[in-house]
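Okay, structure first, notes after.
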Amino acid sequence: MKNKNIKEIVFYMSLIFIMVISLNLAVMDSTGMDISFSRIVMFTLIAEAVASIIIICPITILGALITGICWTIYQYYMDPALIKLYIQDIPEFSNWLYGYIVGYNYFEPGYSLPFAILYIAMTVLIISHIVYSGRGSFALILLGTVALSFFWFIYVKKARLYLVLFLFAAIMLYSYQIYKKRLKEWKTADISVEYNIGYNWMSCTAIVAAISLMLSLAIPLNINSVKWTWLNDKVINLFPFTAEWRNDSLESSTYGYNSRFSLNSVGYKGNKLGGEVRLDESVLMTVKTKGEDTLYLRGIVKDRYFDNNWSKSRKSYKEYNKGFRMPLPYGKNVKTYEKTLDITYEKLLTSTVFAPYSIYQVQHNSRKIYADENLELYTSKMTMKGESYTVNSMMPYIDVNKLQQAETENLGGNEFKLYTSIAPDIPERVRSLAEKITKGQNNNYDKAKAVEKYLRENYKYTLKPPVLPSKAEFTDHFLFEGKEGYCTYFATSMAVLLRASGVPCRYVEGFIAIYEGEEERKVRGTDAHAWVEAYFDNYGWVAFEPTPEYPAVEFVKPGDKTEVAKANSAQDTVTDNIDIDDISKRRRNLEADEEFGNGAVYQDEKNQFNIVNIILLVILPLLLIRFSYMYLSWLIAEVTLGHSKGRKFALDYIKNIVWYLKRADFTMSQEETLREFLKRVQYDYNERFFNIPQVTVILEKIRYSNQDITAEERRTLEEFRKKVKKLALEKCGAIQFFISLYILGR
């Protein structure tokens, strides 16, 4: 490949990387992907290198396909079960991805890696095709502007910066393509062109683009806009998804970061736990129901705590037909009473259906409703401002004596592991504290009440807790240093302490609706809350309140309510079209029952790969990184050689041909001069290298006199170098030559 083409490829790859990484960062911020920036950069570089090779040399696609087929056959021979597992995972991931794209599913952190790989591969291929084709650069500017503007509208704070980076690269590409077009016209018209006009052209473009884009960053965006309320409502009714966008006529911070509820949508900032919060005191929704008991309106259930953050593990979802009744999680001997809630959204937009545990019937005008194993419901259409829905919950009468006797056998081995697992970064003193608090308690209920009481009596509630030090573990710092915080501090600490004590539990976010003397309860942003649920056979998940700002949960006993108690045997006559128990069983059947204990979930995930997976997931990526690095080094060396002059050119050139000749079994000894070495090569290949004396004279002249090289002499040396390369390839063989050049290095 000619030097000018190599130089152009390096330039193109730089622009592609900037544009792709800008989009990748925006996607990372918007989805909250559980993947590091360094891995995103690594995947981008690998994808870019592969795409460039495929576009420049399409025949390599065949090699990639053959390699993939061979690996699949080998993997199937070594571990057929693993291939079958991959095949099962592909439809599951595809179904989730489709649901996420159309808005039925929220982003699953567990799918971060395949999602990132798929997204990066698609963006790299699309942008690389546009760049290398030499057409469509202006369309790329428009598409990038639209895409990153959209990310700004959905509250990606750094979207403006990402847009500036993208536009800089896209404008440079557009300018370069204009330059190439002009250069072709000049040559056709036989116009004399200075050798450095290309550098001057692109330098001016870079300066102008950089100054213009930096000035755009300084433009304020908090200019008051003209509000047209009725038009805004019309647009949102026609296009509900725009309600989540940045909208000055709506109080955006309370309209949610995404359609599924999380505390981030009501003032709790960031994916990580902790930090000061500012809650909206205005009414978000009204709940009309009978009774005076405090209601815990479940929004989202999270079961995995790692790296100072709660997330939701993968769950099976199934569509629920509106109006039908769902099976209840209680044992047949548990008495229940019905609770009906009419919920109206006043200043809230979300697809989450809020209800006390356990919901069994929903009346909602959404086209579709989905339920997961946790009986967590969400709709395909967001509930808009002023819209209402009705939920019916069957709530249990709880006998504390029976809770003290309850086991956790119905969870199953793997679910027990999930709900008792502790992240490996939890310090030992947290585990010791859990043991101290629950010492002397011989059942899970008493352990839960002991932990609840300890947190309520020994820690202070505040919305402005101390700043969490960098690299500090959230729970450990709160329990031993900070000792004050709000609901997420208390709920997280209780969940970790319970799990350390062997009590299966989970973290829940939603709202708390307190009776204020009227049937219609006003739920404000300040009522957003987090609490803990612990599992007990026959009763399912029971709520506990560790936050001292709120009253402790009072269990309703038979006879305390005026509602008619209903035995769960009546559930046998209920018509249902969605079997949550069946979803849970199918999930368990896909998992192998095995020994469990604290931390087992994290430990097992680290040990589940066999040697073939280690090679695939560790060694191959390292080889790809090495190849990318060596390939770029080779490109840079070629560009440098093409532009160096005088003695530096001679030294670089000699080093280059000596390396190639070494691959052809000609090694230059320390005692040999260049003339002696090349004379030895000519002796064996006189016909092929008949001009070695001329090459030697040219090299000695520029090496020892530091004279500049003429165009004719450069062509002579380049022709000689091509012949040397060809000889090295013939002697080495293609595979060994490739490994020597791109893996082992010179």
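Assorted remarks:
- Residue check, TYR305 of a type in the set (Phe, Trp, Tyr), at pLDDT 60 or above, under 30 Å from MET394 (Cβ atoms) and buried (at least 17 other Cβ atoms within 10 Å of the Cβ): yes
- Subset of the stretch 263-277 that is surrounded by fewer than 22 Cβ atoms within 10 Å (Cβ to Cβ) and modelled with pLDDT of 75 or more - its residue that is nearest to the chain's Cα centre (by Cα): GLY275
- Options ASP34, ASP29: the member that is in contact with a strand residue (DSSP E or B) (Cβ under 9 Å, 6 or more places away or on another chain) and within 30 Å of TRP152 (Cα to Cα): ASP34
- Selection count, the stretch 645-664, where residues are under 29 Å from ALA734 (Cβ atoms) and small (Gly, Ala, Ser): 1
- Criterion: under 30 Å from TYR195 (Cβ atoms) and among the hydroxyl-bearing types (Ser, Thr, Tyr) - qualifying residue of THR667, THR673, THR696: THR696
- Verdict on GLN405 being at pLDDT 90 or above and closer than 26 Å to VAL553 by Cα: yes
- Residue count for the stretch 195-216, restricted to those that are over 18 Å from LYS7 (Cα atoms) and surrounded by fewer than 14 Cβ atoms within 10 Å (Cβ to Cβ): 8
- Selection from the stretch 459-475 of residues that are assigned to a helix (DSSP H, G or I) and either at pLDDT 95 or above or among the β-branched types (Val, Ile, Thr) (or both): THR475
- Residues that are in contact (Cβ under 8 Å) with a residue 24 or more places away in the chain and either under 16 Å from ARG714 (Cα atoms) or outside any loop (DSSP other than H, G, I, E, B) (or both), drawn from the stretch 663-686: ARG663, LEU674, ARG675
- The number of residues in the stretch 122-149 that are surrounded by 15 or more Cβ atoms within 10 Å (Cβ to Cβ), farther than 17 Å from TYR12 by Cβ and either among the small types (Gly, Ala, Ser) or touching a residue at least 12 places away in the same chain (Cβ under 8 Å) (or both) comes to 2.
- Helices (runs of 4 or more DSSP H) within the stretch 103-199 that include 3 or more residues modelled with pLDDT under 80 and not assigned by TED's automatic domain parsing to the domain that holds LEU45: none
The values are calculated or read from the model by the stated rules, or taken from the named source; none is laboratory data. Because the structure is predicted, anything quoted here is derived from the model rather than measured. When we count neighbours, we look across all protein chains shown, and the Cβ atoms used for this are built from the backbone with ideal geometry, even at glycine.
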